[in-house]
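K.L.:
What follows is a structure written as structure tokens; I'll ask about it next.
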Amino acid sequence: MNDFFTILTASIVAINCALLGVFLLLRKMAMVGDAISHAVLPGIVIAYYFSGEKGSVLLLVGATLSGVLATFVIDLFSRKARVQGDAAIGMTYTLLFAVGMILIATLMQGNADIDQECVLYGDIALVNMDKIIIDDNLYIGPRALYTELVAGLVVFGSIIVGFKGFKLLSFNEDFAKSVGIKTSRWHYYLMGLVALTTVVAFEVVGAVLVVGFLIIPPATAQLVTHKLKAMLVWACVFGVLAVIAGYMAAVYFNVSITGAMVTVSGSVFALVFGIMRLRRSKSAKSVIAAEI
Amino acid sequence: MHSFTDFFSFSNANVVYVVLGMICINASSALVGTFAFLRKRSLIGDAVAHSLLPGICFGYLVAGEKNPVLLLAGAFLTGWISIFLVDYIVRHSRLKQDTAIGVVLSSFFALGVVLLTYIQKTGSGNHAGLDHFLFGQAAAITRDEVSLFVVILVIILTVVVVFYRQLVLLSFNPEYAATIGLPVRLFEFVLTSLTVLAIAAGIQALGVILISALIITPAAAARLWTHNLKWLMLLAVVISIFCGVTGAYISYARTAMPTGPWVVVTLSLITLGSICFAPRRGFVSRYYIRRKNSRKITDENILKTIFKLPGFQNQDTELTFTRVNLTEIRPFDTKELHRGIDRLIRRGLIQKSGDDFVMTTSGRKESARIVKLHRLWEQYLLRRTRIDTDHVHSGAEAIEHIITPEIEAELERELGIKGIPEDDY
Amino acid sequence: MKQDIHAIEVHNLTVSYDGRPVLWDIDFNLECGKIIGVIGPNGSGKTTSLKAIMGLLKPSSGFVKIFGKSLDEVRDRVAYVPQRESVDWDFPASVLDVVLMGRYRGTNLFRRSNKTDLEIALQSIAKVGLTEFKDRQISQLSGGQQQRVFIARALAQQADLYLMDEPFVGVDAATESAILSLLQEMKNQGKTVLIIHHDLQTVSDYFDYLVLLNTRLIAKGEPHEVLTKENLSNAYGGQLTLLSKIVDLIRQNEFPVREKGVDL
Ligand SMILES: Nc1ncnc2c1ncn2[C@@H]1O[C@H](COP(=O)(O)OP(=O)(O)OP(=O)(O)O)[C@@H](O)[C@H]1O
Ligand SMILES: [Mg+2]
């Protein structure tokens, strides 16, 4: 039963990340996603310090804001201070991450809840410790599952309702502006969703490995399809697949669960990449053969 | 201040190792980072850093202990593979470079985490300190490692000095470099190897995530101060070393403080400071330049207006005027006019006589010069471009203030005009 | 539509990137119901002028009016066709998807596209002769076909004013003449088309009015007025080295292009 809940929780993380990751990729902002996921750390630590618990709304809001702040700062560095785009990304997230580390060292001394390890790969194995039990004895799953579900509803709903907006924003921002769409609002909404997702995912998969969930499944999906809706579906499929297979592998080899999930995800990417390469060179050969 | 003298007397062997280590690491990564920055490939360092982790674990599994050379070798190998993979993915699929970087870095890093937990749980050998590679532990730098870092720095320095011109050409314009017969691939290989080497050296002290800052930030900060590549490199190295030592000191002075994050924070502070205060490119100096410009414009507009006073053409009589005379010809902001006239008096172009002002000889000359520039520019625009005549003046308005003597000469030559052109509309 | 209202009025328009003016004190008025060409060498600010008209860039001075009003009031009557290279054609979308985007507005983003939208999109696709490709993924189109997708998207906007950035680049002769007759047809319906064009050979055949740019406005008027030797050598013949030197000085010295830009 615990296995089931862990896999379910992680699957929702994977789906949230995959859906948003598709748009990050199409907007050529994969590394901005990476930056956001690192940059939520100081927000998480500060909010945790003041609220004293992991699941608080304060934590959610504070950390999400610090993620969005990162995109602001990146914009500021690159546009106002004329720093190269990728250097601006790198500078911003390393700074915010460093501040987070310092805060952990000063504010969280001896606190086991937020330490370096859980920053890296979360506490997925501990997810089941925080149970929700109703009617005194009916266990209906860990609290994290419900947090994820709520976040999932927000993400899923936003993408369904705002599908046209996100699509146009990603394909042709200038055109979107020309028909009167407030593109910067859409942009920051998307960034906010990414920040929210990484914050919520923090206690499950950590702040660093979440990038694997955000980028790899959408990238794999982009290899197999040319259709946007199909890409969204495939990304979720690859994400969930990696969660299930990764969990089993982790249990079998007794290694980090999150690490195994992302490793499997990367392997699936490699596999798909290889297959597509093979198919392409085969079809190229057959075309040549046909012409001869 | 106790800790300060303690630290900088270097009486503690540990302190010496840490400081020496940080100097080598920071200098190495700032050097290779400059090239990465110039090639707009700053984030590659990110991919490499994350990808070193599995290599380090492999190195450990092979050696069965923390052998610095084997760990480095493993790290070097996977770091290299990661760069190769990023390029391969970009070349053979529709994925963009940053997607490829993201895929490679998270996959490799995850593999590293898996191996790390595997090593920890099987408990074979002495794996203590292996997790330093995740977050960095500068205080744990040993004597052996310092020697290794020195060797790496010497290698990087030598290559950069010996192949300086080739590397610069490669960074600025690889296509051109290829056309003149530079073995581009070879030098890319060299540069990549140096990058991996520098990151591998620094990873134990800074950790996989923060090491990127050592590659990216020094060059970005130094770039705000200079255009000259050699100075850029030197400055990046100096900034980086300064921050490395500062970070080590903070961590020494306050027990709970980690070194790496403080190095990064001081680096970022210096960058922010540069963004504000760097000459020419900094916010503050840009503000002062703009203020100077707007004063110059006011002053010259006053001079231009004086030129239009009825008595100006008559060289023999003294030209006296009041502020009101000027504002009748051209609307001025009262405050600005006051200040402008004060400045002109200080420059000796105007003299005060009672309540009126008198034009000096040099003032007359300056007035005429500005009017001439104004009209030259007008003539140029009329000759070369299409302007509706009611727009001529407004278009010329701001530009005569920026025309240098060289451009003035060129304008005269191109238009074939000597002296002050007629104002013919 | 009243005759005296201009399709586009551009007043004293100056646009700078990073302190460097790339468009400088541009003035022109364009009449309704004409096909108008914008010409000038590479980097002369043609794309920039279109973006400024479309409100995609904030001018450092000057203003633009469309049909005598501000852009926001008449946005639905204007269609913009960006330069083809400005988007990533690997984007996962079909021809129909992209053309349907022409029906998107700031106000209808949250509802599904309806039947009318679909019909209009299909008609537009038919007009540019892409019906058999309507379900094809855009990454699998030739450059000329991609260009036609963009034109179809603009048609689907059913605007009165069309701004097109180099619609003829990478298009074969047959397609070019097909697009051209489409434009003539639009003109006959009283629509105004503004086109950035590169090929000086064809400008006098294609356009009723020309705007010749090179940072400054070099000339404007009927083709025979604009295409004089003097104008062309001013715009294309490297005659403006002084101008570009001054532009560099302006940027280096953080200098305001117009005095009104001085206030800090
Ligand atoms: N985003 C930008 N940032 C800085 N400078 C830019 C930017 N976009 C364009 N420029 C510069 O502005 C100038 C005008 O560019 P623009 O794209 O308007 O030229 P164009 O006339 O459309 O040229 P082409 O014929 O090549 O399309 C060029 O010198 C270009 O280098
Ligand atoms: Mg253009």
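K.L.:
Over the range C:164-264, what lengths in whole Å, largest first, do the semi-axes of the equivalent ellipsoid take, defined as the square roots of 5 times the eigenvalues of the alpha-carbon gyration tensor?
P.N.:
Taking √(5λ) for each eigenvalue gives 33, 17, 14 Å, largest first.
K.L.:
Take the Cα radius of gyration of the range C:30-97 and divide it by 2.2 N^0.38 Å, with N its residue count; two decimals is plenty.
P.N.:
Ratio of Rg to 2.2 N^0.38 Å for the range C:30-97: 1.33.
K.L.:
Select from B:371, B:245, B:146 the residue whose mean-square fluctuation is largest in a Gaussian network model of chain B (Cα-Cα springs shorter than 10 Å).
P.N.:
Result: B:371 has the largest fluctuation of those listed.
K.L.:
If you build a Gaussian network model of chain A, linking Cα atoms that sit under 10 Å apart, which residue out of A:185, A:280, A:143 swings the most?
P.N.:
It is A:280.
K.L.:
Using a simple spin-label model with points 7 Å from Cα along the Cα→Cβ vector, what separation in nm is obtained for residue C:111 and residue B:4?
P.N.:
Label-label distance for residue C:111 and residue B:4, simple model: 7.1 nm.
K.L.:
Helix by helix, which DSSP H runs in chain A go 20 Å or more along their axis at the Cα atoms and have an average Kyte-Doolittle hydropathy of -1.0 or more?
P.N.:
Answer set is A:2-26, A:30-51, A:57-79, A:85-107, A:143-161, A:183-205, A:210-224, A:228-253, A:257-291.
K.L.:
Evaluate the Debye formula for chain C with equal point scatterers sitting on the alpha carbons, no solvent, and hand back log10 of I(q)/I(0) at q = 0.09, 0.10, 0.14, 0.16 Å⁻¹, in q order, two decimals.
P.N.:
-0.43, -0.53, -1.01, -1.26
K.L.:
Taking only Cα atoms, what is the 0 to 90° angle, nearest 10, from helix B:334-346's long axis to the longest principal axis of chain B?
P.N.:
Approximately 90 degrees, to the nearest 10.
K.L.:
Tell me which of C:7, C:163, C:122 sits at the most positive position along the dipole axis of chain C, charges placed on C-beta atoms (Lys, Arg +1; Asp, Glu -1).
P.N.:
Checking the options against the dipole of chain C, the answer is C:122.
K.L.:
At 222 nm, what value in deg cm²/dmol follows for the protein assembly as shown if DSSP H runs of at least 4 each add -39500 (n - 2.57) and the sum is divided by all its residues, to the nearest 500?
P.N.:
My calculation for the protein assembly as shown gives -21500 deg cm²/dmol from helical runs alone.
K.L.:
If r is the Cβ-Cβ distance from residue B:323 to residue C:42 and R0 is 45 Å, what FRET efficiency results, to the nearest 0.05?
P.N.:
0.35
K.L.:
At R0 = 35 Å, how high is the FRET efficiency between residue C:204 and residue C:142 if r is their beta carbon distance? Nearest 0.05 is fine.
P.N.:
For R0 = 35 Å, the calculated efficiency reads 0.75.
K.L.:
What distance in nm separates the two pseudo spin-label positions at residue C:158 and residue B:154, each 7 Å out from Cα along the beta-carbon direction?
P.N.:
7.9
K.L.:
Compute the helix-to-body angle for B:97-122: its Cα long axis versus the longest principal axis of chain B, expressed 0 to 90° and rounded to tens.
P.N.:
30
K.L.:
How large, in percent, is the carbon and sulfur part of the accessible surface of the protein assembly as shown at a probe radius of 1.4 Å?
P.N.:
On the protein assembly as shown, the fraction of accessible area on carbon and sulfur atoms equals 58 percent.
K.L.:
Keeping every protein chain present and rolling a 1.4 Å probe, give me the accessible area per residue for the range B:190-258 in Å².
P.N.:
Ligands and nucleic acids excluded, the result is 30 Å² per residue.
K.L.:
Indicate the gyration tensor shape class of the range A:159-276 (rounded, prolate or oblate), computed on the Cα atoms with a ≥ b ≥ c the square roots of the eigenvalues: a/c under 1.5 is rounded; otherwise a/b larger than b/c is prolate and the rest oblate.
P.N.:
Note, shape of the range A:159-276 comes out oblate.
K.L.:
For the range A:24-90, what log10 I(q)/I(0) values come out of the Debye formula at q = 0.14, 0.17, 0.22 1/Å, with one point per alpha carbon and no solvent?
P.N.:
The Cα Debye sum returns log10 ratios of -0.46, -0.63, -0.85.
K.L.:
Moving on to the next point. Arrange the peptides A:28-36, B:333-341, B:25-33 so that the one whose residues have, on average, the most other Cβ atoms within 10 Å appears first.
P.N.:
So the peptides A:28-36, B:333-341, B:25-33, ranked by packing, come out B:25-33, A:28-36, B:333-341.
K.L.:
Which shape class, rounded, prolate or oblate, goes with chain A when its Cα gyration tensor gives a ≥ b ≥ c as root eigenvalues, a/c under 1.5 marks rounded, and past that a/b bigger than b/c marks prolate?
P.N.:
Oblate is the answer for chain A, as a/c is 1.5 or above yet b/c matches or exceeds a/b.
K.L.:
Counting only the heavy atoms of the protein chains, how much of residue A:148 is accessible to a 1.4 Å probe, in Å² to the nearest 10?
P.N.:
0
K.L.:
Could you work out the mean projected area of the convex hull around the alpha carbons of the range B:286-415, in square nanometres to one decimal?
P.N.:
Approximately 9.3 nm², given one-decimal rounding.
K.L.:
Run the quick spin-label model on residue C:169 and residue C:189: label points 7 Å from Cα toward the beta carbon, then report their separation in nm to one decimal.
P.N.:
It works out to 2.7 nm between the two label points.
K.L.:
Work out how far the C-alpha atoms of the protein assembly as shown reach from end to end along every principal axis, then list the three figures in whole Å, largest first.
P.N.:
On the principal axes, the protein assembly as shown reaches 100, 77, 67 Å in Cα extent.
K.L.:
Tell me: how much accessible area in total is hidden between B and A, 1.4 Å probe, Å², nearest 100?
P.N.:
4800
K.L.:
To continue, here is another question. In Å, what is the Rg of the alpha-carbon atoms in the range C:135-208, and how long is Dmax?
P.N.:
12.5, 37
K.L.:
Calculate I(q)/I(0) for the range B:210-354 by the Debye formula, one identical point scatterer on each C-alpha and no solvent, and give its log10 at q = 0.10, 0.12 Å⁻¹ to two decimals.
P.N.:
Result of the Debye calculation: -0.58, -0.65.
K.L.:
Where is the GNM fluctuation largest for chain B (alpha-carbon springs, 10 angstrom cutoff): B:12, B:325, B:301?
P.N.:
B:325
K.L.:
Sort the range B:2-281 into rounded, prolate or oblate with this rule: let a ≥ b ≥ c be the square roots of the eigenvalues of the Cα gyration tensor; rounded if a/c is under 1.5, and if a/c is not under 1.5, prolate when a/b is larger than b/c, oblate otherwise.
P.N.:
Since a/c reaches 1.5 but b/c is at least a/b, the shape of the range B:2-281 is classed as oblate.
K.L.:
Once B and C are treated as a pair rather than alone, how much accessible area drops out, both sides summed, in Å² to 100, probe 1.4 Å?
P.N.:
That pair of chains buries around 3100 Å² in total.
K.L.:
With a 1.4 Å probe, how much accessible area is buried between chains C and A, both sides summed, in Å² to the nearest hundred?
P.N.:
2700
The values are calculated or read from the model by the stated rules, or taken from the named source; none is laboratory data. Since the model is a prediction, treat every value here as computed from it, not as a measurement. So basically every Cβ, Gly included, is an ideal-geometry build from the backbone, and we count neighbours across all protein chains shown. Heavy atoms of the whole protein, side chains included, go into the accessibility calculation; ligands, DNA and RNA do not. Shrake-Rupley method; radii C 1.70, N 1.55, O 1.52, S 1.80 Å.
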